[in-house]
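Novice: Below you will find the structure I want to go over with you.
The values are calculated or read from the model by the stated rules, or taken from the named source; none is laboratory data. Not measured: the values here are computed from a predicted model. Every residue, glycine among them, receives a Cβ derived from its backbone with ideal geometry; neighbour counts consider all protein chains shown. Accessible surface areas use protein heavy atoms only, side chains included; no ligands, DNA or RNA. Shrake-Rupley method; radii C 1.70, N 1.55, O 1.52, S 1.80 Å.
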Amino acid sequence: KRPLPIVAKELNVKLELLECLLQGNLEVSDAFDVIHKMSEVYAVPLNDLWLDADDTNGGVRCFSLEAAESSSRVLDRKDKWGDQTPYYEYRDSAMSRCSQFRPEWIKVLRVVRSGDPLDPDIQMNNGHLMMQTTLFIGPVDFYWTDRHGEIHRREMNTGDSNYISPFVPHSFTARAESPEAIIIAVTYGGAVRRAFREVSRVGAVQVAKLAGDWRDPVEARKCLLKRRLDAECLTFEDLVDQLKMSPGRVEELVAGQEATASELQALAEVLQVRLSDLMVCPLKDDEEVVVTSAADSRSAARRW
C-alpha cells in the first residue's frame, strides 16, 4: 500500500509518468519499462501487472488464406528406414493471445496403407499437457496409445472428430496420396494453461505427487487426501484422533481406499472442506480418447 509519490520515488521515475500509466495514456514500450521496474523492485510477478492488449475486432479474429500459407512449415519424422522425411505440414490458424483455444491446420504427409497400428512408418508423439479436439478432412488414420500401452487405430473421414485427453500419445497418417488428408487440431489448456508459471516453479515431479493420476482412482484419492491433510497441518495420528475411527481403517483411507458416504462426511468436517472437495471421479478407459463419426454427429444434430 503505497501512495503514487512514494512509488515514483522508490522506482526512480517521474510522478507524471505513473499518472499517465494509471490513466492508460502511456506508450506501450514506456508502460512495459515501468511495469518491469515495478516487478524488479517489489515482490510482484510481472504477469500480475501486465495485461495483454485485446487483439480481436469486437471479439472476432479473422485469418486469411494468404497469411496461413505464408506460415507453412514442414516437420520431418523418422520413417521405417530411419530417415527423416516429411510427416506434417503445419499452418497457423486464427487465434487470439487472449484465448485458451489454440487451433492449427495440419496436412498429413506420411502415407501408410498397411492398416497396422504398429507399422514402423508411424511415429507417435509423447502426448501433451493440453487436451485436444481434432476435426478431420479426407482419409486420415488416427492412432493413440491407451494407459495399458496398447496402440489403437481408427479410420477417420471428413466430418469425423475426436477428443484426446492430456498426455495421451497419438499420431496421424494418410491412407492415400489423394485426396488431401487434413486435420484441424484444436488444443485447449483451460485453468492449467493459466497456471503454467506456477506449475513450472513447483516442478513436474512435485506437481505429479500433489495431483496424482486420475486414471488411477486409488492414487488420485491418496494424493487428494494427503494434499488436504498437509493444508491443515494434520498428521496421521491427528486424523485418527479426530475421526474417531480405528487406525486400520484410517490407514486404508489415507492409502486411497474408497470411503463410504458417512466416512467422506466425517473427513470433510475434520478437514473443513466441502464434501465435493473430497470426491474423485476417475478417468475411465473409454474417456481418455473419444471418437465421433460424422454420421453420429448428424444423427444427434439439433436444428434451430
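Novice: Quick one: grab the alpha carbon gyration tensor of the stretch 27-176, order the square roots of its eigenvalues as a ≥ b ≥ c, and give me rounded if a/c is under 1.5, else prolate or oblate depending on whether a/b is larger than b/c.
Specialist: Numbers: a/c = 2.48, a/b = 2.00, b/c = 1.24.
It comes out prolate by the Cα gyration axes.
Novice: If we count every other residue with Cβ under 10 angstrom of Arg153's Cβ, Lys/Arg +1 and Asp/Glu -1, where does the sum land?
Specialist: Residues near Arg153 contribute -3 overall.
Novice: Taking the chain as a Gaussian network, where each spring joins two C-alpha atoms under 10 Å apart, which residue of Val291, Val280, Val13 fluctuates the most?
Specialist: Result: Val13 has the largest fluctuation of those listed.
Novice: Charges at C-beta only: +1 for Lys and Arg, -1 for Asp and Glu. How large is the resulting dipole of the stretch 1-56 about its Cα centre, in Debye rounded to 20? List each step's numbers first, then the result.
Specialist: Working: 5 positive and 11 negative charges, 93 e Å.
My answer is approximately 440 debye.
Novice: Just one of (i) 64, 44, 32; (ii) 67, 65, 51; (iii) 64, 48, 35 is Cα extents along the principal axes in Å calculated from these coordinates, so which is it?
Specialist: Only one option fits the structure, namely (ii).
Novice: Using the heavy atoms of the protein chains alone and a 1.4 angstrom probe, what is the accessible area of the chain per residue in square angstrom?
Specialist: Each residue of the chain exposes 63 Å² on average to a 1.4 Å probe.
Novice: Projected onto the charge dipole of the stretch 53-136 (+1 at Lys/Arg Cβ, -1 at Asp/Glu Cβ, origin at the Cα centre), which of Pro86, Met124, Leu75 gives the Cα projection farthest towards the positive end?
Specialist: Most positive-ward Cα: Met124.
Novice: Next up: Over the stretch 1-151, with every protein chain in place, what whole percent of the accessible area is carbon and sulfur at 1.4 Å, could you tell me?
Specialist: 53 percent
Novice: Springs between alpha-carbon atoms under 10 Å, Gaussian network over the chain: tell me which of Trp144, Trp81, Trp214 tops the mean-square fluctuations.
Specialist: The residue with the greatest mean-square fluctuation here is Trp81.
Novice: Express as a percent, rounded to the nearest 5, the fraction of DSSP beta bridges in the stretch 110-267 (both residues included) that run antiparallel.
Specialist: Beta bridges within the stretch 110-267, antiparallel portion: roughly 95 percent.
Novice: Between Thr235 and Glu252, with labels modelled 7 Å along Cα→Cβ, what's the label distance in nm to one decimal, could you check?
Specialist: 2.5 nm
Novice: What's the extension gain from Ala211 to Gln123 if we count 0.36 nm per residue and subtract their Cα-Cα distance?
Specialist: So the extension gain works out to 28.7 nm.
Novice: Still on this model: Using a Gaussian network model of the chain whose springs link C-alpha atoms within less than 10 Å, name the residue from Ser39, Ser64, Ser200 with the highest mean-square fluctuation.
Specialist: Ser39
Novice: Counting Lys +1, Arg +1, Asp -1, Glu -1, what net charge surrounds Pro5 among other residues with beta carbon under 15 Å of its beta carbon?
Specialist: That works out to +1.
Novice: Give the distance, in whole Å, between the Cα centre of the stretch 221-258 and the Cα centre of the stretch 1-76.
Specialist: Using only Cα atoms, the two centres lie 46 Å from each other.
Novice: Relative to the present Cα-Cα distance, how much length would full extension add between Glu69 and Trp81 at 0.36 nm per residue of separation? Intermediate values should be presented prior to the final figure.
Specialist: Numbers: separation 12, 0.36 × 12 = 4.32 nm, distance 3.03 nm.
Gain in length upon complete extension: 1.3 nm.
Novice: Okay, next question. Which value, in debye to the nearest 20, gives the size of the charge dipole of the stretch 61-114 about its Cα centre, when Lys and Arg are +1 and Asp and Glu are -1 at the Cβ?
Specialist: With Lys and Arg at +1 and Asp and Glu at -1, about 240 debye.
Novice: On to the next question. Past the 31 Å Cα-Cα mark, which pairs from Lys222/Lys244; Lys226/Lys284; Lys80/Lys284; Lys209/Lys244; Lys80/Lys107?
Specialist: Values: Lys222/Lys244 20 Å; Lys226/Lys284 23 Å; Lys80/Lys284 33 Å; Lys209/Lys244 28 Å; Lys80/Lys107 20 Å.
In this structure, Lys80/Lys284 lie more than 31 Å apart at Cα.
Novice: Further question: Taking a cut-off of 20 Å between Cα atoms, list the aspartates and glutamates near Lys37, but don't count ones fewer than 8 places away on the same chain.
Specialist: Qualifying aspartates and glutamates at Cα under 20 Å: Glu10, Glu16, Glu19, Glu27, Asp48, Asp52.
Novice: For the pair Met279 and Ile184, what calculated FRET efficiency results from E = 1/(1 + (r/R0)^6), where r is the Cβ-Cβ distance and R0 = 30 Å, to the nearest 0.05?
Specialist: After rounding to 0.05, the efficiency reads 0.30.
Novice: Can you give the charge dipole size of the stretch 164-304 about its Cα centre, rounded to the nearest 20 debye, using +1 on the beta carbon of Lys and Arg and -1 on the beta carbon of Asp and Glu?
Specialist: Numbers: 19 positive and 22 negative charges, 137 e Å.
Taking the Cα centre of the stretch 164-304 as origin, the dipole is about 660 debye.
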